[in-house]
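Visitor: Structure in C-alpha cells, see below.
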Amino acid sequence: MTDLHQANQAANAAQIAYFRAIPWCAAHLPPSPDLTIAQSQSRTLSPTYEHALLARTLNNPAAIPAYIAFYPLPPSPDTLVREVRAFLALGPLVNGWEGLCHGGVVATMLDETMAAVVDVNKRRGLMAQTAPMVTGRLAVTYLRPVRTGTVDKARVVLVVGRLARVEGRKYTLEGEVQEEGGEVLAKGESVFFELKAGRL
C-alpha cells in the first residue's frame, strides 16, 4: 500500500466523520450498505497535478476543509446512477465579499457535482470508460448568497447533481446548491460531451 493511497484512505474516513458530526448532514448519511459515501474523486490526491484545484489548492482548513459525495446504489448493476449529492464545508478563503462564497467557486461546486454523476457511471461501466468527457456548457443562476464560515467553523452546503437526459455523446445535467433546511441558493445546468478518441 503506497503512502498516497494511505493518505487518501485516512482523508476519506476523516471527511466522512466530519460531516457525520453535524446533525443535519448526518441525517443524509445513515450507515447503510445501499448508500455509497466517499471523498469526491476530484478531492483524491494523485501523483500528478490532476484535480489539483480541489485536491490541493482548496484543500485546507480555511478554504474547503471537507468534501464528500454520496449516492444510493441503484437496484441493479446496469441501472444508471441519476443523482449524486455532495457536502462541502466552506471557509473564508473562498470568499468574494466578506462572508459570501465567490460566484466562481459556486459554479465550480455545481460543475464538480454534476460531473460526479458522469464519473460514477463511467466507473460502473455504464458510460464510455476510455473516452474523455468534458464540460461543453455550464449555466449558473444565483438565487441567494452562499454564505461561508470561519477558519474554526466552516459553513456546509449540500450540492445536488442530476442526470437530466442523454443524447448520443451529449449528457445534460442539472444541479442545485442548498443550505441547511433545503433552501436553494443557486442552480446550474451543464452539458458534457464524450470526445472521440484522440480529441483531447
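Visitor: I need the strands (runs of 3 or more DSSP E) fully contained in region 22-90, keeping only those with at least 1 residues that are over 20 Å from ALA10 (Cα atoms).
Guide: 67-72, 83-90
Visitor: Only residues that are of a type in the set (D, E, K, R) and either touching a strand residue (DSSP E or B) at 6+ places or on another chain (Cβ under 7 Å) or surrounded by 20 or more Cβ atoms within 10 Å (Cβ to Cβ) (or both): list them for region 156-179, please.
Guide: Result: ARG162, ARG165, ARG169, LYS170, GLU174, GLU176, GLU179.
Visitor: Can you find, within region 85-100, the residue that is surrounded by the fewest Cβ atoms within 10 Å (Cβ to Cβ) among those that are out of contact with any Lys or Arg (no Cβ under 8 Å at 6 or more places or on another chain) and within 20 Å of ALA27 (Cα to Cα)?
Guide: Among residues in region 85-100 that are out of contact with any Lys or Arg (no Cβ under 8 Å at 6 or more places or on another chain) and within 20 Å of ALA27 (Cα to Cα), the one surrounded by the fewest Cβ atoms within 10 Å (Cβ to Cβ) is ARG85.
Visitor: For region 9-19, name all the residues that are of a type outside the set (A, V, I, L, M, F, W, C), free of Cβ contacts under 8 Å to residues at least 60 places away in the same chain and surrounded by 18 or more Cβ atoms within 10 Å (Cβ to Cβ).
Guide: Answer for region 9-19, where residues must be of a type outside the set (A, V, I, L, M, F, W, C), free of Cβ contacts under 8 Å to residues at least 60 places away in the same chain and surrounded by 18 or more Cβ atoms within 10 Å (Cβ to Cβ): just GLN15.
Visitor: Which condition from (1) surrounded by fewer than 19 Cβ atoms within 10 Å (Cβ to Cβ); (2) in a loop (DSSP other than H, G, I, E, B); (3) among the aliphatic types (A, V, I, L, M) is the one that MET127 breaks?
Guide: (1)
Visitor: Next question. If you check THR48 against the conditions, is it buried (at least 17 other Cβ atoms within 10 Å of the Cβ) and polar (S, T, N, Q)?
Guide: So THR48 does not fit the description; no.
Every number in this text was worked out from the coordinates using simple rules, so none of it is lab data. What you are looking at is a predicted structure, and each value in this text was computed from that prediction instead of being measured. Note: ideal-geometry Cβ built from the backbone for every residue, glycine included; neighbour counts use all protein chains shown.
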